[in-house]
Structures are given as structure tokens and as C-alpha cells.
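Inspection log for the structure reproduced underneath, given as C-alpha cells.
The values are calculated or read from the model by the stated rules, or taken from the named source; none is laboratory data. Please read these numbers as outputs of a predicted model, since none were measured by experiment. Heads up, the Cβs are rebuilt from the backbone with ideal geometry, glycines too, and the neighbour counts pull from every protein chain shown. Just the protein is used for accessible areas: all its heavy atoms, side chains included, with ligands, DNA and RNA removed. Shrake-Rupley method; radii C 1.70, N 1.55, O 1.52, S 1.80 Å.
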Amino acid sequence: IGGYGIVLIEDSRVADARMRIFNRDGTEGAMAGNAIRCVGKYLYDKGIVKKEYMTIETAGGIKSLLLYTRNGKANTISVGMGKADLDAMSLPTTLPGSTIINRPVEIAGGTYHITCASVGNPHCVVFCDDPSALDLETLGPKFERASYFPERINTEFVRIVNEDTLRMRVYERGNGETVACGTGACAVTVASILNDKVDGSKPVTIQLLGGDLNISWERDENLIYMTGPATTVFDGEIDLGFLGE
């Protein structure tokens, strides 16, 4: 089938539905920005929650979705991702200080300036000249399991394209390199504004291997909004009888 994990959709007592995410290595994730857009499309297109505004319960809190539809199907979805948590202890990290912004650290024999934020998941953002030139298969695990992050970390390697466009690669804990990461794109936007890399007064376009996302961070209220596409690849059925074997 392909994919980086599995998303389960369950009933919720506090929202229109609940989603749970399991990574490729079996660990459970708190939130996934791309997955929640897919959940919203699935619920709408299947007629399970036939609302253009819906709420989804996640381990990272209740998220609100606004669905833009065409020919009776959802095709673009905007998600209220909540607040950026800059508290270093939320990651958690052994690094000193209340926040980690443009902090030099030693990883894999090199010095990197990192900015960290949690957006449902913890992220470490590194600005560099050319993410495409990095050997992420080697470098990614070094960041994921660095001693600074006892519960591991997601890492984004980012190039500044212009004042409102960024290009990134991401290495996700429990998955490895993926073609897109919604919470990672949000963390990258926050980090780029904190480091004066982009003009934060307008949405930032994040270019990922899997496509573009538009992210807005309303800094005064500390609210993040993510907008991007959701596309059906195929439908199928799986016999779960093998689980009893």
C-alpha cells in the first residue's frame, strides 16, 4: 500500500471524530498535520461527517478543520493547529534555558544552530544552504536520537527561498525521512519568523517533497493555521483476521 504509518478514526465524545496515529515503528504519535487533513476528507467524502466545518480529537488536543469542496468532495483543508509551544521542557530537552532559539549544538561531529518548538509534536529546525545535498539517511538518526532529546525529536532542514517561501526536508522520529510533515511545516514557519528569516505578516509557503503547504502564524495570539490539499489515492479492504494468528 505504501505510507509512513496508520491512522485510526474512532468515535469521540468531545468532537466529530477522534484520530489516532501510529508510526512505522509502532510508536503512537500525538498529532499529524497531513493525517488530519486526510481524516477530514475521508469523513466528508464518505458522508460520515457531512460538514464543511468539523472538529477532530487528537492526542495533541481538539483541532478545527475548514473544508473547501469541489463537486461534492473535499479537496483543500485548513486546520487550526493550535499554539506553538516554545517551552524547552515540552520537547523535552536536556539543554539549559527556557527556550531553544538559534542555539548552537554539537551533533554528528558538526556544529548546528537549532530552533525548537512543539506543535503537537516536538521539532528541531536547522537552517542550511541546500537540504537536498544532505545525507539524511545518516544525519537524520543522529538528530533524532541526540542525547539532548531523551524522547527523540523530529528534525527539519530548511533553505530560505525568499521572504515568504521555504524549502524543507524532514526526518521524523519513528518513520525516517518522509515527503511531508504538517506539524513540521508549522514548526519551520514559527522558527523562520523567530529568526527573522521570513516576513511573518503573511502566510508562508513551505515546499516539501510531497507538495506545498501554506502556514500562517498569528504571533500575537500564538495561533497556527495550515492549509493544504488532500487527495484520495485508492480505496481497498484489508482482512484483519491475520491479527489473531
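Normalising by the residue count of the chain, find the relative contact order in percent from Cα pairs under 8 Å and 6+ residues apart. Walk me through the intermediate numbers first.
On the way: 538 pairs, mean separation 41.8, N = 245.
Dividing the mean separation by the residue count of the chain yields 17 percent.
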- Note on the structure: Most packed first (mean Cβ within 10 Å per residue), the peptides 183-191, 114-122 order as 183-191, 114-122
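From the protein chains alone at 1.4 Å, what is the descending order of accessible area for LEU65, LEU194, largest first? Intermediate values should be presented prior to the final figure.
Numbers: LEU65 0, LEU194 35 Å².
Correct descending sequence by accessible area is LEU194, LEU65.
Rounded to the nearest percent, how much of the accessible area of the stretch 171-245 (1.4 Å probe, protein heavy atoms only) is carbon and sulfur?
Working: 1880 of 3970 Å².
It is 47 percent, rounded to a whole number.
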- Among VAL49, PHE22, GLY33, which residue has its Cα positioned farthest towards the positive end of the charge dipole of the stretch 15-56, with +1 placed on the Cβ of Lys and Arg, -1 on the Cβ of Asp and Glu, and the dipole taken about the Cα centre? VAL49
- Note on the structure: Two pseudo-spin positions, 7 Å from Cα along C-beta at ARG219 and at LEU240, lie apart in nanometres by 4.6
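First measure r as the distance between the Cβ atoms of LYS142 and ASN162, then evaluate 1/(1 + (r/R0)^6) with R0 = 35 Å and state the FRET efficiency to the nearest 0.05.
0.75
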- From the phi of every residue in the stretch 81-91, what ³J(HN,Hα) in whole Hz does the Karplus formula 6.51 cos²θ - 1.76 cosθ + 1.60 yield, where θ is phi - 60° and glycine or proline is x? 7, x, 9, 7, 9, 9, 5, 4, 6, 6, 5
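Among 165-175, 132-142, how do they line up by average Cβ neighbours within 10 Å per residue, starting with the highest?
Values: 165-175: 22.5, 132-142: 13.7.
So the order, starting with the most tightly packed, is 165-175, 132-142.
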- Query: Rounded to the nearest whole Å², what accessible area per residue is found for the chain with the 1.4 Å probe?
  - Reply: 50
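Report the local net charge at THR232: Lys and Arg +1, Asp and Glu -1, summed over other residues whose C-beta lies under 11 Å from its C-beta.
Working: positive: LYS41, LYS46, LYS73; negative: ASP45, ASP235.
Every neighbour counted, the sum reads +1.
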- Query: At what distance in angstrom do the alpha carbon centres of the stretch 167-181 and the stretch 28-105 lie from each other?
  - Reply: 16
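Which entries in LYS50/LYS83; LYS51/LYS73; LYS46/LYS73; LYS41/LYS63; LYS73/LYS202 show an alpha-carbon gap greater than 18 Å? Walk me through the intermediate numbers first.
Working: LYS50/LYS83 27 Å; LYS51/LYS73 11 Å; LYS46/LYS73 9 Å; LYS41/LYS63 14 Å; LYS73/LYS202 28 Å.
Exceeds cut-off: LYS50/LYS83; LYS73/LYS202.
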- Task: Sketch the reach of a paramagnetic label on TYR68 as a point 7 Å from Cα along Cα-to-Cβ, and name the residues of the stretch 193-222 whose backbone nitrogen lies under 14 Å away.
- Result: 203-205, 212-216
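Add +1 for every Lys or Arg and -1 for every Asp or Glu among the other residues with Cβ under 14 Å from the Cβ of THR178, and state the total. Let's see the in-between values first.
Details: positive: ARG24, ARG169, ARG173; negative: ASP25, GLU137, GLU144, GLU156, GLU172, GLU177.
Local charge sum for THR178: -3.
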- Task: Round to the nearest 10 and give me the degree value, 0 to 90, for the angle of helix 33-45's Cα axis relative to the longest principal axis of the chain.
- Result: 10
- Extreme residue, positive dipole direction of the chain, given options MET81, VAL233, LEU65 (C-beta unit charges): LEU65
- Query: Angle, helix 182-194 long axis vs. longest principal axis of the chain, Cα atoms, 0 to 90°, nearest 10?
  - Reply: 40
- What is the dipole size for the stretch 57-135, taken about its Cα centre, with +1 at each Lys and Arg Cβ and -1 at each Asp and Glu Cβ, in debye to the nearest 20? 500
